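> Next up is a structure, given as structure tokens.
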Amino acid sequence: TTSDVSIGSGFLLLRFVSLLFLYILLLFKNEGGYRMKEKRIFITGMVLIIAFIIWTILIQKVDVKPIGVNGTNVGFSTLNHWFHKLTGQNMIIYYITDWMGLIPIFSCMFFGIIGFIQLIKRKSLFKVDIDIILLGVYYVIVIFGYLIFETIPINYRPILIEGVMEASYPSSTTLLVLSVMPTVNFQNNRRTKNIIIKNVINTVVFLFSLFMIIGRTISGVHWLTDIIGSVIFSFGLYFIYKSTVMIFDQKQLSEEI
């Protein structure tokens, strides 16, 4: 029955997310507290990327029904349909989060300017801070991933946007926010000396990211599973970037010693 499918989809979704959460908690835990080493962060990132691949496959295999716009197929259809009916659609929140999606782009430009200034002053790409170089590579990878899913849609939005069917998986705005904003905190912690300013920036970034995730989820322009996919993919990419910077930091420290 429909209710059985809904319960089954819900349990599968809950089990998948719970296993991910439990695994990450175990990796975060250390004898000295919840401080991750670079290898653990890298492994976590890889696990999340693999989980994203599995999640993408599940979306195309589990409870697939033509409930989308113009009869397009949607995985976890009972769960997605239920959640979409629960939230409805709010175009005001959609447009607000859409415009606020420019903030991560400005953040990318800001770090690009930092890298460009270092390049001009130091007259060599190899003398630019390695974390900034890796950040540039990371942003290119994020954009590349975004373009792939725009070119090969897994599913479409629950509604037409200005009369057009648009790709919905993973949520591009969520992907952009959760891929970029954690790097803002990471760079802020590395470069800002004033504790008060550092804490203010970290708090603002956290609240902004939380608002964008919730806003995008309840706006009704994405299926619930699209948001979940973006969260998994974004944090997977970010953890790999962060661990890579930490590995280079450790290598540089060893060379100095």
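> By its C-alpha gyration tensor, with a ≥ b ≥ c as the square roots of the eigenvalues, how is segment 109-205 shaped: rounded for a/c under 1.5, else prolate for a/b larger than b/c, else oblate?
In terms of gyration-tensor shape, oblate.
> Enter the per residue convex hull volume of segment 154-257, computed from alpha-carbon coordinates, in Å³ rounded to the nearest integer. Mind dumping the intermediate values first?
Numbers: hull volume 11.0 nm³, N = 104.
Looking at segment 154-257, the number lands at 105 Å³ per residue.
> In square angstrom, what is the accessible area per residue of segment 58-99 with a 1.4 angstrom probe?
58
> Rounded to the nearest percent, how much of the accessible area of segment 110-257 (1.4 Å probe, protein heavy atoms only) is carbon and sulfur?
That fraction is 71 percent.
> What is the sum of charges around ASN80, taking Lys and Arg as +1, Asp and Glu as -1, for the other residues whose C-beta is under 15 Å from the C-beta of ASN80? Each step should come with its number before you reach the end.
Working: positive: LYS61, LYS65, LYS85, ARG157, ARG216; negative: ASP63, ASP226.
Counting the neighbours of ASN80, the net charge comes to +3.
> Additional query: Sorted by packing (mean other beta-carbon atoms within 10 Å per residue), highest first, where do 176-183, 88-95, 155-162, 121-128 land? Working shown, then result.
Working: 176-183: 24.4, 88-95: 13.9, 155-162: 17.9, 121-128: 10.9.
In decreasing order of mean packing, 176-183, 88-95, 155-162, 121-128 become 176-183, 155-162, 88-95, 121-128.
> Based on the mean of other Cβ atoms within 10 Å per residue, sort peptides 228-236, 189-197, 56-64 so the most packed one is first.
228-236, 56-64, 189-197
The values are calculated or read from the model by the stated rules, or taken from the named source; none is laboratory data. A quick note: this is a predicted structure, and the numbers were derived from the prediction, not measured. Heads up, the Cβs are rebuilt from the backbone with ideal geometry, glycines too, and the neighbour counts pull from every protein chain shown. Areas reflect the complete protein model, heavy atoms only, side chains present, ligands, DNA and RNA absent. Shrake-Rupley method; radii C 1.70, N 1.55, O 1.52, S 1.80 Å.
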